[in-house]
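Participant: Handing you a structure now.
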Amino acid sequence: MLAVFFAYSLHAQTAGGLQIQTKVVGKVVDEAGVPIPGVFVYPRGNTQAGTATLEDGSFQINVKSKDVVLEFSAIGYVVRDVKAADANRVVLKEDHQTIDEAVVTGIFTRKKESFTGAVQTITSEELKRVGNVNVIESLKNIDPSLLILENLEAGSNPNVMRSMQLRGASTLAMETTGLKSNFVTEANTPLFILDGFETSLEKITDMDMNRVQSITILKDASAKAIYGSKGANGVIVIETKALTGDKTLVTYTGSITATMPDLTSYNLCNAYEKLIVEQREGLLYTGGGLSSEWAAIGANLYYERMKRALEGESTYWLSKPLRTGIGHKHTLSVELGSKDLKALLDFSYDDVQGAMKGSKRDVISSDMNVSYRANNWIFRNIISISSMNASDSPWGSFDEYANANPYYYPYDESGNVKKVLFGGSIQDIYIGGVAYNPMWNAQVGTSLTSGYLEFTDNFYAEYHLADFMKIVGRIGVDAKKTQFDEFYPAEHTMYALYSVVNDPERFVNRGMYQLTTGNYLNYSGDVNVQYNRNIGGIHDIFATAQYNISETRFDEVTNTTKGFPNSYMNNYVQAKDYYNELRPKGDDGINRSLGALLTGGYSYKNRYMADATVKASGASVFGVQKHWGIFWSFGVAWNLHNESFMEGTKEWLRQFKLRASIGSSGNQNYSTNVTMPVYKYNNSRYYGGFAGATLDNMENPWLQWEEKMDYNVGIDFRTKRINAVIDAYIADTRNLVFDRNILPSTGFRTMVDNMGKVRNKGIEASLSYTLFQKGASYLGVFGKVAVNDNRILEISAALDEYNRQKAAIAQENNSPVPVVMYYNGMPINSVWAVQSLGINSANGREVFLDRNGDMTTEWNALDLKNFGSKDPLYNGNFGINGEVANFGFNLVMTFYGGGYLYNITLVNKVENILPTKNVDRRVFEDRWHTPGQNAPFRSISIDMVDEQSWNTGMTLPTSRFVQKNNVMEIASASVYYEFPLELIQKLKMNRLRATLYIDDLYTFSSIHIERGTQYPYARSASLSLTATF
Amino acid sequence: MKKTTLVILIALGLSLPVATSCEKWLEATSSSKVTDSQLFSSRSGFHEALNGVYLAMGNSMSSGTTRITFNDMICGPFAPASNSENKALQQHAFKSAVINKQIESIWLSNYNAIANINKALAELENRRDVVTDELEYSLIKGELLAARALVHFDLIRMYGYIDWGGDNETKLTVPYVTVYGGDPTRQLTYAQTKELLLKDIADALECLKDDPVRGVRNEAFETTINGDGYWTNRQIHLNYYAVEALSARVNMFLGNYVQAAQQAADVASAAQAAGLVSLLDAEGLVKESDMAMRDLTLSCEHLFSLDFTGLTTQMLNFFPAIVINGQFVYLETAAMAHFPSDPLSGRNDLYEDVRGPACMLRYTASGYQILKFYASSESPYKDRLPIIRLSEMYYIMAEAAVLSFDFVGAAGYLDQVRFHRGITASVTTWINMSETAENLRKDFLTAILEEYLREQMGEGQYVFTLRRFADKYDKEIVDRANQGTQVAIYPTNNLIYPYPQSEITEGRIQDL
């Protein structure tokens, strides 16, 4: 905001002239009476003569006469025209559409009209309108170019961070060996900048949404090249609320959220169906040929179970670990201040309760934003402290419940939870196996918790050298301590097999405690000089030079102990011993970077614009020979609507801009230590009493960043009712960082190297249309779509060896999970499977088509074929919103499609499943069991004789389970009511608003799949109240 | 104007530190790992890197399942294996997935040791300012060069021919790597590779000529450099005599038996005189009643052994102290012919030779199991993995004597070792000394090969001698020495391990 002010204040200086001027003084406030700084004020049609409001909302402008119409515009507010005579107090209404006037890049702020980059700016209002969970969940519903990937295992687990990619995946997934630190960022994650400083996805996920002022997504080179070697994955810039007026304001926002499990994707057998399946598979209840006596016991057991099933007894296990989680959050923010010294204090508490019992995440945070101005100096300091405490459900993984047989009953006669559902003796295996009750583990004190305490302090100092030039210095510190505790007491079912008789050694060591502690510390600082000048009302020149420096250190240590005889001895220090002589494990790293930036822009009469950036980035993660990289960008734009020949369209056309940009940026989300030779000490093996060090890796001193070239063209088109943005891009990532196989005669198998090229190309379009607007009432529709096509180009021959090994591993491991291989011209995330011709109706066996086009029943990794990309080809959202008589509503549908999914949960639930576990109903209905039957699923009983040989009957990746992945979701629906002014004034309030949200209401999918295998998906409904005093 | 000047000054001030010190500043690494520049900034770092080389050699000896025994499994007199892996080895099914993986891992771990050697050698030259003492510099360099020769020598013989002459001379062998880095080293012919090997050994000997083990006491070195005793325990380092012994071994393989015998004789006398080794006191060995406390690897005779922490545990899977389900390797009673009885005296070597059931072979229901690596964690003799034994020097001398038809001399050398193994009877008691020279030659060579087997069983070296005898001498000799062996060793080229597939696909040629 400050930057906006200084960017535009110069207009006032240059707008002088010989004409007689009238001075207009006024103030701009929002509907709650809160002053709005940075509002651009100019006589209509003469932007050169504009000014901007100060932090208290006040402005001064010289106009020819009091009759001149002034136009007031600001981010997030409806543009308003007011006669100069009436401008002493101007009330701006918050905008329901994305009408954004400034681009916040985290380093400088530019007026959007004259910026050439592809950016998406999201206001606080917009963000809150599409969800009340967290920033990331809301972003998912706004900009489809940011693809937040489904996590079919973790479902709606509040403690699992989402994976995401902006404009497609641009790097190959490296296989990490050993312990990967929690501080290491996923390779495709965009860069997050909070108030000008780099931050983590976790911080953004946990931050209080009410603090957000705006979010800017920088997509193309013109916008993100300023971040050099860190910008390739795109940059998401988040600005927190700035200080406004000198009036004391207190805002309270509170909400209560109900999270309800969504089990519509599950389709399991009931007791009767399961028993029929068991009989058909013919494995259980036979007594395993042990003796006729056991066969009889088995048969009896079966009839008894069947009898009870027929009487209607069946346990619905899925509901056992679930609940409706009721969470709540509260934010209290206080603004204080005088003209020179201002403060914004925030306190928030967010308690998220997941859909599984005991699963929660709560965050307490407090922020203080203080600013002081004196003469030409402005100082600002933002301190933020947050504490997070999370628990994973002690009820265990959700699939344990999905696997539990419905004919088991979890409670004993007196209604207590049983530990053993069935069996106990070795022989029981032959009549169905031993089954433990997963519910038991929640009763005995299992505990899985994590937490962190994070402190950040960002300090800003600005010195104004002249009205067109300033120096900004920034220093930031981010310190974080993390802890993960995992405790399983002796009573946990994982130890149920051991008794003091059969295994005294293991028996006394039952119980496990794993403690992981971590530290993270980041310092960063930069100094920049900003120049922003208008010459003669014709030339706008903008330039910034910056130096930045940063260092990040992290370390993480895991200790595992054993021997906790009971659940009240649940402290790490009460362990009997370290776990099987495990030494402490850990990871640590240090990343340093330096940068020098020069960026400039020029605009001629606000018609023709050009931006150029050069950034030199140095980073320690890259090779000794390649510490420095140069990144650049160049962009041009043409504001057609400002052309004189477009004069006739002034009435209705607000913006018609053509943009084009080209440039480079880098990606450095990689582990350190691969660029130099690193020695490791083997602590368990000394040599003659002396320590010894051996080489740990083959270094690559020439390793450099992945370099992304972005080419982007775009159109911004806006009328009073229509707002359309279309972008087309090609993004080539070169020098992909990858573990290259090297000859073992070098002493090592792999070396991290740069190779090949990946191309993402796509189109993004967004359109919103105001169907109706009258006064405060309106009705609008919107739709956005992003299409992205991902291909590997020019992959190195070294990857052939990688692919060959992958195929060999696939053959050897007998794993049902498709392997990842990389070939030219194919998407990075391809699905690899063997072409299936279906199930032979005569014997229930699968028939494959091999690489020569012949039929075979043997699965061979050499026959693997690419069946499309896992990533969706297109994704987007559409919806409707409106407001009438203080009521407002918003509905967002999201969709994606064109990708393929290997339905591993189906394979594992229908074919690769032991009949001792509960199965999908499709086993009951659709699996081959009689010769001549046409069935989509193969028989498995023929392939196996006993439990051990199940593996040989495993269904390996086959095209039968490659399915088109098209999904549409009712992502967010909300209704709000703005209490009328008369009422709230009686309550001594400035504003009162209540909102009801419903998130993830329903999902339509082309695939019937168990979504959320380890943690179910959930819907949430939440009621929120905002009051300003 | 003043303000603009200020800006320029600030900009310059900022750019100065950036321009000067940032390169260094950007070389950051994590603290749980140590970079090469950190390690090689002190003398102790060089010691640690040299130890790392020996540890890596130890790793290479225990790669595969256990390379030590892996090499023996393909030719040793072991009973048919019950475990499928060992069964595949005995059938030389090197292409089978599980065996092939182990062969690849043997290759990789040996070359990994070489990478460690080459890196340390390069740093030694770069950091003359760190290792300033001439003697210490020479010792480190000599040991590294010798280690490079030793590892390559085994690699060449495992993945190639034993006989490097004749037709084989111009064939390509495994790469002899002398430079550390990610780029592959070109393959050379046996003849060219031999030169590199001999040069490394010669250079090593030159570097080690003032090895403290040779008795030249350097007071300054002892007090300043060797204060912590690093250079004292020479048996577990490639000392001068170990390298000379290696040279004798190489010469014997190359057919230079006269030179080999000279070197062997020098080692045998000088190394004992210097107190590095002494021939075993067999009676003393047996006196110790606790088996686990006995010096079963005969460490007093190790010219060079690797300090291998956990050797007993490592070998348990192979030669277990407790017999589990027959999943171990053992000798059938028939194979005990290698520990022969004495027909004249009626005494039975079998029960005298400490390498036999007297100590190192334990009778079980299935046969005899090998106990030589068995040691209590309290034992002062634990963790010693023999690489070059003193006895080999006597065998070299004996073989050279036989080739010169000096049978009395040969018997003398063999008997010296035999007596120190507790065998009272001379080798001549079971060799008919009145036979023709040709038959005597055969008998003695058989006796020598059998001595190698008794001495080196389970240490990964016997296969090379066996292949050498098979290539060089009559089939009959090897057949006799090979009694009770369950594996077919002819043609001996079947004992050559295939190169790793990844080397082949990158254009390596296994010239067979």
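Participant: Scattering from the C-alpha atoms of the range B:390-512 alone, worked out with Debye: what is log10 I(q)/I(0) at q = 0.10, 0.11, 0.18, 0.22 1/Å?
Facilitator: Listed by q, the Debye log ratios stand at -0.37, -0.44, -0.96, -1.31.
Participant: Okay, helix-only estimate at 222 nm for chain A: each DSSP H run of n ≥ 4 adds -39500 (n - 2.57), divide by all residues, round to 500 deg cm²/dmol; what do you get?
Facilitator: Counting only the DSSP helices, I get -3000 deg cm²/dmol.
Participant: Please calculate the 1.4 Å probe accessible area of A:V500, with all protein chains present, and give it to the nearest 10 Å².
Facilitator: Here the accessible area works out near 90 Å².
Participant: With every protein chain present, what is the per residue accessible area of chain B (1.4 Å probe, Å²)?
Facilitator: For chain B, the solvent-accessible area averages 37 Å² per residue.
Participant: Next question. Counting only protein chains, not ligands or nucleic acids, how are A:K320, A:K241, A:K988 ordered by accessible area (probe 1.4 Å), most first?
Facilitator: Working: A:K320 45, A:K241 70, A:K988 165 Å².
Ranked list, largest accessible area first: A:K988, A:K241, A:K320.
Participant: Please report, in cubic angstrom per residue, the volume enclosed by the convex hull of the alpha-carbon atoms of the range A:421-556. Write down the numbers at each step before the final one.
Facilitator: Details: hull volume 28.1 nm³, N = 136.
Hull volume over Cα atoms, normalised by residue count, gives 207 Å³.
Participant: Taking every pair of distinct Cα atoms and averaging 1/r, then inverting, what Kirkwood hydrodynamic radius in Å comes out for the range A:677-807?
Facilitator: Numbers: mean 1/r = 0.0503 Å⁻¹.
With all distinct Cα pairs of the range A:677-807 included, I get 19.9 Å.
Participant: Moving on. Got a number for the accessible area of B:F405? Probe 1.4 Å, square angstrom, nearest 10.
Facilitator: 110
Participant: Now for a separate question. In degrees between 0 and 90, to the nearest 10, how far off the longest principal axis of chain A does helix A:798-813 point, with axes built from Cα atoms?
Facilitator: 40
Participant: Sort A:D262, A:D86 from largest to smallest accessible area, using a 1.4 Å probe on the heavy atoms of the protein chains. Could you put the intermediate results ahead of the total?
Facilitator: Numbers: A:D262 10, A:D86 90 Å².
Ranking A:D262, A:D86 by accessible area, largest first, yields A:D86, A:D262.
Participant: When Lys and Arg each count +1 and Asp and Glu each count -1, what net charge do the other residues less than 10 Å away from A:K329, Cβ to Cβ, add up to?
Facilitator: Numbers: positive: none; negative: A:D208, A:D350, A:D351, A:D362.
Overall, the nearby charge balance is -4.
Participant: When the accessible area of each residue in the range B:474-512 is compared between its chain alone and the complete protein assembly (1.4 Å probe; ligands, DNA and RNA ignored), which residues differ by at least 10 Å², being lower in the assembly?
Facilitator: Listed in order, they are B:Q501, B:S502, B:E503, B:T505, B:E506, B:R508.
Participant: Determine the shape class of the range A:494-567: with a ≥ b ≥ c the square roots of the Cα gyration tensor eigenvalues, call it rounded for a/c under 1.5, and otherwise prolate if a/b is greater than b/c, oblate otherwise. All intermediate terms of the calculation are to be shown ahead of the outcome.
Facilitator: Working: a/c = 9.38, a/b = 5.18, b/c = 1.81.
Prolate.
Participant: Dividing the Cα radius of gyration by the Kirkwood radius, what Rg/Rh value follows for the range B:220-287? Write down the numbers at each step before the final one.
Facilitator: Working: Rg = 15.4 Å, Rh = 13.9 Å.
Rg divided by Rh gives 1.11.
Participant: Using the Kirkwood radius built from alpha carbon pairs, what does the Stokes-Einstein equation give as D for the range A:556-706 at 4 °C and 1.567 mPa s, in µm² per second?
Facilitator: On the way: Rh = 21.8 Å.
After rounding, the answer is 60 µm²/s.
Participant: Would you work out which of B:T364, A:P565, A:W638 lies farthest towards the positive end of the dipole of the protein assembly as shown, given +1 charges on the beta-carbon of Lys and Arg and -1 on that of Asp and Glu, about the Cα centre?
Facilitator: In the protein assembly as shown, that residue is A:W638.
Participant: What residue among B:T232, A:V63, B:H302 has its Cα farthest toward the positive end of the dipole of the protein assembly as shown, where the charges are +1 on Lys, Arg and -1 on Asp, Glu, each on the Cβ?
Facilitator: After comparing all options, I get A:V63.
Participant: Here's another thing I want to ask about it. Could you list, in their original order, any pairs among A:K307/A:K418; A:K605/A:K761; A:K585/A:K917 whose Cα atoms are separated by more than 31 Å?
Facilitator: A:K605/A:K761; A:K585/A:K917
Participant: Among the listed pairs A:K23/A:K128; A:K784/A:K865; A:K481/A:K562; A:K64/A:K111, which are separated by more than 27 Å between their Cα atoms?
Facilitator: Violating the 27 Å Cα-Cα cut-off are A:K23/A:K128; A:K784/A:K865.
Participant: While we're on this one: Around A:V24, which amide H atoms from residues at least 5 apart in sequence, or from another chain, sit under 5 Å from its own amide H, with H modelled in the peptide plane?
Facilitator: Close amide H contacts, sequence-distant or interchain: A:I61, A:N62, A:V63.
Participant: Suppose every K and R has +1 on its Cβ and every D and E has -1 on its Cβ; what is the size of the dipole of the range A:346-475 about the Cα centre, in Debye to the nearest 20?
Facilitator: Details: 9 positive and 15 negative charges, 50 e Å.
About 240 debye.
Participant: Going by amide H atoms built from the backbone, whose H comes under 5 Å of the H on B:Y330, apart from near neighbours?
Facilitator: The list, which skips near neighbours in sequence, is B:A79.
Participant: Let me ask something else. So what's the angle, to the nearest 10 degrees on a 0 to 90 scale, between helix A:2-14 and the longest Cα principal axis of chain A?
Facilitator: On a 0 to 90 degree scale, this one is about 20.
Participant: I've got another one for you. In degrees from 0 to 90, rounded to the nearest 10, what is the angle of the helix B:134-158 Cα long axis to the longest principal axis of chain B?
Facilitator: 60
Participant: Hey, another quick one. To the nearest 20 debye, what is the magnitude of the charge dipole of the range A:23-157 about its Cα centre, counting +1 on the Cβ of each Lys and Arg and -1 on the Cβ of each Asp and Glu?
Facilitator: Numbers: 15 positive and 19 negative charges, 150 e Å.
With only Lys, Arg, Asp and Glu charged at Cβ, the dipole is about 720 debye.
Participant: So for chain A, taking the charge dipole from beta-carbon charges (+1 Lys/Arg, -1 Asp/Glu), which of A:N966, A:F542, A:V103 sits furthest toward the positive end?
Facilitator: Toward the positive end, the furthest listed residue is A:F542.
Participant: Right, here's the next one. Scaled to the compact-protein estimate 2.2 N^0.38 Å, what is the alpha-carbon radius of gyration of the range A:844-908, rounded to two decimal places?
Facilitator: Expressed relative to 2.2 N^0.38 Å, the Cα Rg reads 2.07.
Participant: I would also like to ask the following. Heavy-atom accessible area per residue, chain A, 1.4 Å probe: how many Å²?
Facilitator: 40
Participant: Based on alpha-carbon positions alone, could you give the equivalent ellipsoid semi-axes of the range A:880-925 from the gyration tensor, as √(5λ), descending, whole Å?
Facilitator: 44, 15, 7
Participant: Also: Looking at the calculated P(r) for the range A:307-406, what percent of the C-alpha pair distances fall above 19 Å?
Facilitator: 64
Participant: For q = 0.09, 0.13 Å⁻¹, what log10 I(q)/I(0) does chain B give under the Debye formula with an equal point scatterer on each alpha carbon and no solvent?
Facilitator: So the normalised log intensities work out to -0.65, -1.36.
Participant: Equivalent ellipsoid semi-axes for the range B:38-155, as square roots of 5 times the alpha carbon gyration tensor eigenvalues: give them largest first, rounded to whole Å.
Facilitator: Over the Cα atoms of the range B:38-155, the semi-axes work out to 37, 12, 10 Å.
Participant: Something else about it: Could you sort A:S365, B:S434, A:S397 by their accessible area in this structure, using a 1.4 Å probe and putting the largest first?
Facilitator: Result of the area sort, largest leading: B:S434, A:S397, A:S365.
Participant: Could you give the nm distance between label points at A:R533 and A:F379, where each point is 7 Å from its Cα heading toward the beta carbon?
Facilitator: Label-label distance for A:R533 and A:F379, simple model: 3.0 nm.
Participant: Continuing with this model, one more query. Provide, as a two-decimal number, the C-alpha radius of gyration of chain A over 2.2 N^0.38 Å, N being how many residues it has.
Facilitator: Normalised by 2.2 N^0.38 Å, the Cα Rg of chain A equals 1.03.
Participant: Give the accessible area for A:V477 in Å² (nearest 10); use a 1.4 Å probe, count only protein heavy atoms, and leave out ligands, DNA and RNA.
Facilitator: Counting only protein heavy atoms, A:V477 exposes about 40 Å² to solvent.
Participant: Show the residues, 5+ positions off or on another chain, whose built amide H is closer than 5 Å to the amide H of B:I387.
Facilitator: Answer set, sorted by chain and number: B:F304, B:S305, B:L306.
Participant: Oh, and also: Between chains A and B, what is the buried accessible area in Å², counting both sides, with a 1.4 Å probe and ligands, DNA and RNA left out, to the nearest 100?
Facilitator: Counting protein atoms only, the buried area is about 5400 Å².
The values are calculated or read from the model by the stated rules, or taken from the named source; none is laboratory data. Note that this is a predicted model, so its numbers are computed, not measured. Note: ideal-geometry Cβ built from the backbone for every residue, glycine included; neighbour counts use all protein chains shown. Surface areas here come from the heavy atoms of the whole protein model, side chains and all, with no ligands, DNA or RNA. Shrake-Rupley method; radii C 1.70, N 1.55, O 1.52, S 1.80 Å.
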